[in-house]
1. Restricting to the stretch C:303-339, name every residue that is assigned to a helix (DSSP H, G or I) and either in the same structural domain as C:Gly233 (by TED's automatic domain parsing) or without any contact (Cβ under 8 Å) to a residue 60 or more places away in the chain (or both).
2. In the set F:Gly130, F:Gly142, F:Gly57, F:Gly77, which member is more than 9 Å from every other protein chain (Cβ to nearest Cβ), open to solvent by less than 50 Å² (accessible area, probe 1.4 Å), of a type outside the set (Asp, Glu) and in contact with a helix residue (DSSP H, G or I) (Cβ under 8 Å, 6 or more places away or on another chain)?
3. C:Thr453 - would you say it is buried (at least 21 other Cβ atoms within 10 Å of the Cβ) and under 23 Å from the mean Cα position of the chain (by Cα)?
4. Here's a check for you: in the stretch C:115-149, which residue that is touching a residue at least 24 places away in the same chain (Cβ under 8 Å) and touching a strand residue (DSSP E or B) at 6+ places or on another chain (Cβ under 7 Å) is surrounded by the fewest Cβ atoms within 10 Å (Cβ to Cβ)?
5. Consider C:Phe213 against the criteria (1) buried (at least 23 other Cβ atoms within 10 Å of the Cβ); (2) over 17 Å from C:Gly99 (Cβ atoms): it satisfies all of them except one. Which criterion is unmet?
6. May I ask you to list the residues in the stretch C:150-185 that are away from chain E (no Cβ under 11 Å), open to solvent by 10 Å² or more (accessible area, probe 1.4 Å) and either within 14 Å of A:Thr87 (Cα to Cα) or assigned to a loop (DSSP other than H, G, I, E, B) (or both)?
7. I'd like the full set of residues that are within 13 Å of chain E (Cβ to nearest Cβ) and either touching a residue at least 60 places away in the same chain (Cβ under 8 Å) or surrounded by fewer than 24 Cβ atoms within 10 Å (Cβ to Cβ) (or both), limited to the stretch C:225-247.
8. Can you name the residue in the stretch B:19-35 that is without any contact (Cβ under 8 Å) to a residue 40 or more places away in the chain and within 7 Å of chain A (Cβ to nearest Cβ) and is also farthest from B:Ile59 (Cα to Cα) among such residues?
Amino acid sequence: MIGNAPFFVVGLLFLWGLMAIFTQKNLIKIAMAITILGSSVNMFLVALGYRTGGRVPIHFLEGDGGPMVLPTPQAMTLTAIVIALATTALILSLIMLIYRHYGTINVDEVRRLRG
Amino acid sequence: MMDVLHFAVLTMLLATAFFAIWFKGLLPSAISLSMFSLMMALEFYILQAPDVAIAEASIGAALSTTIYIFAIRACSKPRKAGGGDKQ
Amino acid sequence: MNWTDHLPALLLAVPLLGAFVTPLVSLGGKMLRNTLLVVTTFVTLVIAFLLWKDVLVSGTAVYVMGEKVFNLTMPSGMKLPVRIILEADAFSAFMALCGAIASFAGALFSLNYMEGFSGMKRYVSLYCLLTVGMLGMTITGDLFNFFVFIEIASIASFGLIAFWRDKAEAVEASFKYTLVSQVASMVLLLAFGALYGKYNALNIAAIGSLLKFGFMEKIVLVFIVASLACKCGAFPMHMWLPDSYAEAPSGVSCLLVAVSQASLYGLVRVCFSLYGVTMGASFIPWVVILLGLASMFFGVTMAVVQHDIKRLMGYHSVSQVGYMLLGFGVGMLVLSDAKGMADYGFAAIQGGVFHMFNYTMYKALLFLAAGSLYYTTGKRDLNDMGGLARKMPYTTFMFVIAAAAIAGLPPFNGFVSKLLIYESSFAVHPSLAAIALISSVLTLASFVKVFQTAFLGPEQNAFLSVREVPSGMLAGMGVLTVVILAVSLFPSITMSYFVEPASKALVDQAGYIGAIMGGGM
Amino acid sequence: MWGVVHTGFGSWDALAWILFFGIAAFFLLWFRSLGRSDYKKGTDQDEIFWSSNVVPEDGAHISVPADAAYWGFRKGMEPFYKGLVGMHTGLAPDIVGWYVVVVAIMSVLILIV
Amino acid sequence: MKKMIFILSAVIIGGLTCGLLDVPHPFGDPGVVPMDEHFLGQALKDLSTENVVTSIVFDYRGFDTIGEAAVLFTAICSVTALFREGRKKS
Amino acid sequence: MKPLSLIVRTGCNLFAWFMLVFGVNVVVHGYASPGGGFQGGAIVATFIAFLLVSYGGEKIHSWVNEKIYDLILEETGLLLFITLAFMGLPTSFFYNFFTIPWEAYQQTGRLFPQGTTAIMSIAVGIEVAGALSMVILSMFKGIRLVSDRQIEEEPGHDR
């Protein structure tokens, strides 16, 4: 049986995304870490709505007649995906401008503002 | 059968996420991230969420990868030294 | 059907519409676009005022999005609300009014301040969207909707902080804010998802009526409190704040202050209305108090040694957020204890609520004054300034009023709220009040430094051509000055009509839940 | 209308403070009126005395820079400031790191306490 | 040193997250779900939309959707503002 | 961007038009099948990404004016969406104001799109397609802006 495996995968992805922020030096890798973090949360939301043996929440596709999976997390996830894309686009634009100004995308050298 | 597929997709999710950060090069990372999104879309499909799967496949796998590749191209053009944290 | 019933929806719809039509209106030229910005923020201010008045007269306003009757919270046969509900009690309306004032003042200021820059079409859109996000956070009654609005506010502020993208520091500050804000948002969404999974509801009141304080709720509370404290800039997580407040254009800094207050509102709302008395035995109140003390003290000590004027004010923001956290923390500590609540807890909450309003007003004014200095001199470094009081008398006057208010000098409003916080925290432990007093003294010291170096001193040749700022900027600062003076001179009216209903609404968890769960028609 | 705010331990009266400032202003103006009446603007009474040195043309040379303010305070609290400024490294992952540390400490504590 | 503390904290948070996630309900068994059952039962009758997710996105939680459209609009405004041509100095 | 091989470019060109049609289909049939405004809009937006691969940036920028995406697509979608939301206002904001009763709907064969949801879905589809295309185009423009051209200091900073 599948057990709670999807939830543990979510936790591992979350941890991996969080750790990548601290271990990576490249700004684009850090942006990827943010993307993984967002995806893990999206997967958590969808996994919350799953019912064993459930079917797609569309009345038109009459399946085998089992219970439908919960639709609300899916609607929330749609919103969260678009938000994640918006943030990704913005953070990559900022990285491009940082490269323009600093000539590097090493995170250790982007520290004019300190103290 | 479905459980085996589910396990395979979960394993692939972890592996692609791992390699997206692990690869040294940026382009392989971006491709791995794209694979990650595709696996995520497959996972959503297995969890009976085709709406989200379509969104994730088109946004995560296609558009997100495109802008990642744009960013990598913009940041890999050689520039003169200097800058950094020196004013 | 009365049109005033729709005020909560209009409060969000009007600035949203303003943001959406900006690209069309910009085709008509600069004049039309500026008019749109001012009109939109002014109409929002009027709506916020009407909503506040309405809530004060007739109690909590509930608005159900898309239902057949606007206040039918629960459809027949349901025990829980299903749609998105906007719930404006006295505290929400208070915060919305406070944010709308800051938004209007910043918009007036921006017109002249941003004259020489390109991309103003996008600036106007983003400014309206930031206003929407801030107002939405304050009046929504739904957890996921709160997340959406916090994201609108965050993304709009990323764009606005980096608006001067020709300066490397602005881009860097925006990047740092993006990173930490996004991690905090994801943790927040995880917490909201867990709450949804357990209670199968997203409404704050509905979850609040069901909540039992167990393992999951503890972790969720920690996640929410830490994320929102990060977004409003409490001490160990504050490092993005001075950077981004300093590098943003001044009109935006003014609004960012209101946005951080909206985050603080969310924190307080979750603690008081979602968890309420159930969390009484945990140590979260002490965490809030400790975060407050640390922010207050370390923020102000960092501010004393700064020489960049806006960065100094950014560190002061950290310090001032500490006062509010201290006040609310003391209030949370005695939430389940009726005697302590009557003795000093309610005073602490009143102090915190009043300080939120005061802080938004005078810190916004200080940022606008700093922006005026940048506009006329082109400098932000205090070492290069001096003798500007003769050249800019009005700016000096307003700066002095704001500085006196933030330092808590007696005739001004900052003193009243600080007094309330000192007294109530003294009742908990004298050392809390002592640290608060020391921070207040250091605040005064650093503003004396700013005043002395920037405005006093001999005239400098570099500033011979400096003139007073244009009238639009003066009008923006004037709005805030008038509000500060009015609040200072009529403290009893302010307290009884403004602060006390808000504090009562905040403490009254049963009332907040009952407005949705009990009413229901 | 002006009103008094009772804060539980004391009270706050805006009118009393305005009265106080009025009286203070009266005394201030009174003392000022006792001063010399033969002061004239533009004569040598007006000139700056700079320890018998030549007064610089530009005011920037005789104004005290902001860095010099509270020099002693900063010198006295040198170790404190060294730690505090050292904490603000300005690195982006550090900012996230502090947030993560706070969350971790809080969540461990709330499970123990 | 500092990095080790950060990573340790991240591990603590990750571990807690792993422990937290299946507490609401075990995977595949959401239990009693009044809100979602209401959506599933009423979507066809209230709105006559076959796709329940669409009816939630555009009707029951339509305000989230307008917020989400606003997020996209915000992203466009930000990206185009960052990459604007800029005014040349005269 | 460096030109890719001929096979990739031709394939992308063909695939792009297929994606356009598929995206429009997903948007229009969102009420009854998986899909809807966001998903379809995002698929339509991949159209422009494929065109960028197959033709290169200069050609695309000479063909399409960004104002098309900004003013026409995006504004139409957003304003249609918020207008529909406002039109429910006598009852409540976002009220679904022209649903057909359940009995009448059953007789039409249950495939007829109706209610504001279908129109809102199309509005959001237009908006998302315009918005994401705009993001792609501006970031593509950003590559040149970042590498070749100087981002000059603006006159507003001067005093």
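The values are calculated or read from the model by the stated rules, or taken from the named source; none is laboratory data. Given the structure is predicted, the values throughout are model-derived calculations rather than measurements. Cβ placement follows ideal geometry from the backbone for every residue including glycine, while neighbour counts extend to all protein chains displayed. Quick note on the areas: whole protein, heavy atoms, side chains included, nothing else; ligands and nucleic acids left out. Shrake-Rupley method; radii C 1.70, N 1.55, O 1.52, S 1.80 Å.
1. Taking the stretch C:303-339 and keeping what is assigned to a helix (DSSP H, G or I), we get C:303-304, C:309-333, C:338-339.
Correct list: C:Gly329, C:Ala338, C:Lys339.
2. Numbers: F:Gly130 fails: more than 9 Å from every other protein chain (Cβ to nearest Cβ); F:Gly142 fails: more than 9 Å from every other protein chain (Cβ to nearest Cβ); F:Gly77 fails: more than 9 Å from every other protein chain (Cβ to nearest Cβ).
Only one candidate passes the filter, namely F:Gly57.
3. Values: buried (at least 21 other Cβ atoms within 10 Å of the Cβ): yes; under 23 Å from the mean Cα position of the chain (by Cα): no.
Answer is no for this residue.
4. If we filter the stretch C:115-149 for residues that are touching a residue at least 24 places away in the same chain (Cβ under 8 Å), which is where we start, we get C:117, C:119-147.
This time we only want the ones that are touching a strand residue (DSSP E or B) at 6+ places or on another chain (Cβ under 7 Å), so: C:139-142, C:146.
Numbers: C:Ile139: 27, C:Thr140: 30, C:Gly141: 30, C:Asp142: 26, C:Phe146: 23.
Out of the qualifying residues, it is C:Phe146.
5. (1)
6. Scanning the stretch C:150-185 gives C:Lys167, C:Tyr177.
7. Taking the stretch C:225-247 as the starting set, the residues that turn out to be within 13 Å of chain E (Cβ to nearest Cβ) are C:226-227, C:236-237.
Across the stretch C:225-247, the qualifying residue is only C:Pro236.
8. Quick first cut of the stretch B:19-35, residues without any contact (Cβ under 8 Å) to a residue 40 or more places away in the chain only: B:19-25, B:28-29, B:31-35.
Within this subset, residues satisfying the condition of being within 7 Å of chain A (Cβ to nearest Cβ) are B:20-21, B:29, B:33.
Numbers: B:Ala20: 17, B:Ile21: 20, B:Ser29: 17, B:Leu33: 12 Å.
Applying the filter and picking the extreme gives B:Ile21.
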